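Read the structure below first, then the notes.
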Amino acid sequence: MDKMGNLPDWQDHDDIELLKKAQSGEADAFGELYERYSQAIFRFLFSHVDNRLDAEDLTEEVFLKVWRSLSSYRDQGVPFLAFLFKIARNTMIDHYRRAGKKEQSLSIEETSLQHKGTDPGEEAISNLEHAEIRQVLNQLRDDYRMVLILRFISDLTPEETAHTMGRTAGAVRVLQHRAINAARDLLEVR
């Protein structure tokens, strides 16, 4: 709170400022980071796991891991979002190890989860779209799948994608171009 008793407007702060505030005990600063990036992390995880509930649980797990490790986090010039995606990827891998299975294709039956307040018709269309996207993505090489998910499902910039994948932005652009062509070829066969 400021001197007037107002809550701070966290939107005016960059990620590093918010991280420093969160490290000094400002939970609301971490809350702003969660608000900024939870949807991107959820979309990334949902593109890899069997159902929405698992993706929601894993998203919470990612942010809990970050919260617990805040005291040891040091800015090393890597965007915070890239750091989050690395944790999300590792969390997803741990999820599959715990479950004793590899990443699997998504069946329509597995996506038939209904949410309160969601129109059943809209949910069915969303499930079909998700299943179709997963089907095409699962046929791609791992690096093609990852670049498409990071760029188009999680909305990362080429630079953020490069940090996450450990490549240069130029290499990401080339990989993205090749991945799009490969996906297009798969869609034409259908």
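Within the range 37-51, which residues are touching a residue at least 12 places away in the same chain (Cβ under 8 Å) and of a type outside the set (Phe, Trp, Tyr)?
Within the range 37-51, Ser38, Ala40, Ile41, Arg43, Leu45, Ser47, His48, Val49, Asp50, Asn51 qualify.
Across the range 166-190, which residue is surrounded by the most Cβ atoms within 10 Å (Cβ to Cβ) among those that are under 20 Å from the mean Cα position of the chain (by Cα) and among the small types (Gly, Ala, Ser)?
Ala179
Return the residues of the range 144-178 that are of a type in the set (Val, Ile, Thr) and under 17 Å from Phe80 (Cβ atoms); say none if nothing qualifies.
Thr157, Thr161, Thr164
Provide a single number: the residues in the range 60-99 that are under 20 Å from Glu35 (Cβ atoms), without any contact (Cβ under 8 Å) to a residue 12 or more places away in the chain and not in a helix (DSSP H, G or I).
Counting residues in the range 60-99 that are under 20 Å from Glu35 (Cβ atoms), without any contact (Cβ under 8 Å) to a residue 12 or more places away in the chain and not in a helix (DSSP H, G or I) gives 1.
Just to check your reading of the model, which residue among Gly5, Gly31 is more than 28 Å from Met146 (Cβ to Cβ), small (Gly, Ala, Ser) and either modelled with pLDDT of 90 or more or within 19 Å of the chain's Cα centre (by Cα) (or both)?
Gly31
The values are calculated or read from the model by the stated rules, or taken from the named source; none is laboratory data. For clarity, every value in this text was computed on a predicted model and none was experimentally measured. Positions of Cβ are backbone-derived with ideal geometry, glycine not excepted, and every protein chain shown enters the neighbour counts.
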